[in-house]
């Protein structure tokens with residue numbers, strides 16, 4: 001199966017029009033007419049990911065975060081990126097990304113692990129932020145997600161982790177900007193990055209926030225790999241677990 005045929009099927013389920021305007025989802029690099037032997041899924045495109053793809057003979061890498069955001073010629077002038085482009089060329093590897101056009105699906109999957117019910121979009125035109133009803137405590141939510149994301153420490157502004165949570169909203173990754181529009185009816189907001197000014201907004205609105213770092217999105221590799229296995233049963237699909245590079249002391 002050619003790469004472009006795989007992309008067409010993926011985009012039927014997760015249309016590129018769902019992506020944010022600033023985002024660059026879809027085909028990133030390489031010839032789309034290449035016959036795909038094996039697919040590797042990863043959070044980001046790194047040298048380690050490419051080396052693993054070479055080792056396992058995967059010639060299509062699908063990442064969550066796009067590697068190419070600017071025009072290709074401009075990106076190729078960035079020294080570390082140019083080395084990666086050369087490595088891709090030398091090994092005839094194609095790169096594709098499903099980012100904000102897939103975020104909604106990932107947020108739904110995370111809420112499902114918490115036994116969230118009535119999972120729905122925050123607004124009709126927003127495919128990313130998801131809301132669910134739930135019957136548990138902030139402490140149990142935090143502990144469950146720490147295990148799920150393999151993250152030991154979180155940022156938060158909760159006065160009491162034993163408080164009951166009935167309504168939870170989630171935006172994996174950098175979702176702090178949603179704090180401007182979230183209503184007070186949301187008992188808990190879960191995300192991966194919050195700026196200081198956004199923490200101030202949360203406190204002014206009395207919104208409870210638990211912030212895992214951006215590594216929480218590594219969960220993408222699990223759910224997107226499973227999606228590909230179900231969608232392309234005749235292809236070999238693997239995933240690469242990127243190490244959490246954020247440390248605390």
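Please treat every number below as a calculation from the coordinates, not as lab data. What you see is a predicted model, and the numbers here were worked out from it, not measured in a lab. We place every Cβ from the backbone using ideal geometry, glycine too, and count neighbours over all the protein chains shown.
Across all directions, the average projected area of the convex hull around the alpha carbons of the chain is 14.2 nm². Sorting 249, 17 by the number of Cβ atoms found within 10 Å of their own Cβ, with the fewest placed first, yields 249, 17.
Estimated purely from DSSP H runs of n ≥ 4, each contributing -39500 (n - 2.57), the mean residue ellipticity at 222 nm for the chain is -9500 deg cm²/dmol once divided by its residues. Ordered by the number of other Cβ atoms lying within 10 Å of each residue's own Cβ, fewest first, 240, 215 fall into the sequence 215, 240.
When both bridge partners sit in the chain, DSSP labels roughly 45% of those beta bridges antiparallel.
By how many nm would the segment from residue 47 to residue 89 lengthen if fully extended, with 0.36 nm per residue of separation less the alpha-carbon distance? Intermediate values should be presented prior to the final figure.
Details: separation 42, 0.36 × 42 = 15.12 nm, distance 1.31 nm.
Stretched out fully, the residue 47 to residue 89 stretch lengthens by 13.8 nm.
Between rounded, prolate and oblate, where does segment 103-215 land on the alpha carbon gyration tensor, with a ≥ b ≥ c its root eigenvalues, rounded for a/c under 1.5, else prolate if a/b exceeds b/c? Cα axes put segment 103-215 in the rounded bin. Sorting 1, 106 by the number of Cβ atoms found within 10 Å of their own Cβ, with the fewest placed first, yields 1, 106.
Report, in whole Å, the centroid distance computed from the Cα atoms of segment 151-223 and segment 40-100. When both Cα centres are located, 30 Å separates them. Given axes a ≥ b ≥ c from the Cα gyration tensor, I'd like to know whether segment 3-99 is rounded (a/c under 1.5), prolate (a/b larger than b/c) or oblate. Because a/c hits 1.5 or more and a/b fails to exceed b/c, segment 3-99 counts as oblate. For the chain, find the longest principal axis of its Cα atoms and tell me its angle to the long axis of helix 3-13, 0 to 90°, nearest 10. Between the helix axis and the principal axis of the chain, the angle is about 20 degrees. Rounded to the nearest 10 degrees, the angle from helix 103-113 to the longest Cα principal axis of the chain is 60 degrees.
In terms of its alpha-carbon gyration tensor, segment 101-167 comes out prolate; a/c meets the 1.5 threshold, and the first ratio a/b outweighs b/c.
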